[in-house]
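First the structure, in the form of structure tokens, and then the observations on it.
The values are calculated or read from the model by the stated rules, or taken from the named source; none is laboratory data. Keep in mind it's a predicted model, so treat the numbers as computed, not measured. Quick reminder, even Gly has a Cβ in these numbers, built from the backbone with ideal geometry, and neighbours come from all protein chains shown.
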Amino acid sequence: MPFDFRRFDIYRKVPKDLTQPTYTGAIISVCCCLFILFLFLSELTGFITTEVVNELYVDDPDKDSGGKIDVSLNISLPNLHCDPLASHDYILKIVPTVYEDKSGKQRYSYQYTVANKEYVAYSHTGRIIPAIWFRYDLSPITVKYTERRQPLYRFITTICAIIGGTFTVAGILDSCIFTASEAWKKIQLGKMH
């Protein structure tokens, strides 16, 4: 008996005359194809768009800037009347930020928030003490924004999972409906006890 390599075929083909097309199978097949098309387009959109990843990490302040942040203040109080004398307190919170684009180019900047408070302070003699305070809160944590695109292998894996999963669930659903309809036909004909 000669060796036949075709015996290793686990995807054996069924002759067309042994298959039976049904309306429910056609409906399920069309719904599956539409579902696959919808999921494919949504995954393709996700693959094409750029994702921005946010990270927080502790930065070494001596690394690039020498541990110093250049701050310039230009304060001018022209024609300030003495009536509204008060103390002004400005609080600046500064967070170092790194922006990295898809090519790996990094831009360094700072995010900051400012809060201010105005109040009247009296000395022990009862006089108003005008003052301007600038308080800095420098964060040791750096925020990093990174642009990146989804890798091609993840896109292909997701598409294969969508197609395979949809056809598997559709095959199970079609098999259940077909078996139930065949059983119902047998009950109507009186062939099932």
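Worth pointing out:
- Within region 126-160, the set of residues being over 29 Å from Ser76 (Cβ atoms) and either touching a Gly at 6+ places or on another chain (Cβ under 9 Å) or among the β-branched types (Val, Ile, Thr) (or both) comprises Ile141, Thr142, Val143, Thr146, Gln150, Phe155, Ile156, Thr157, Thr158, Ile159.
- Inter-residue pairs, beta-carbon under 6 Å, first without any contact (Cβ under 8 Å) to a residue 12 or more places away in the chain and in region 100-113, second among the β-branched types (Val, Ile, Thr) and part of a strand (DSSP E or B), 6+ apart: Gln106/Val98
- Tyr99 being modelled with pLDDT of 85 or more, within 27 Å of the chain's Cα centre (by Cα) and either surrounded by fewer than 15 Cβ atoms within 10 Å (Cβ to Cβ) or in a helix (DSSP H, G or I) (or both): no
- Of note, Thr146 does not satisfy the criterion of being part of a strand (DSSP E or B), without any contact (Cβ under 8 Å) to a residue 24 or more places away in the chain and not basic (Lys, Arg).
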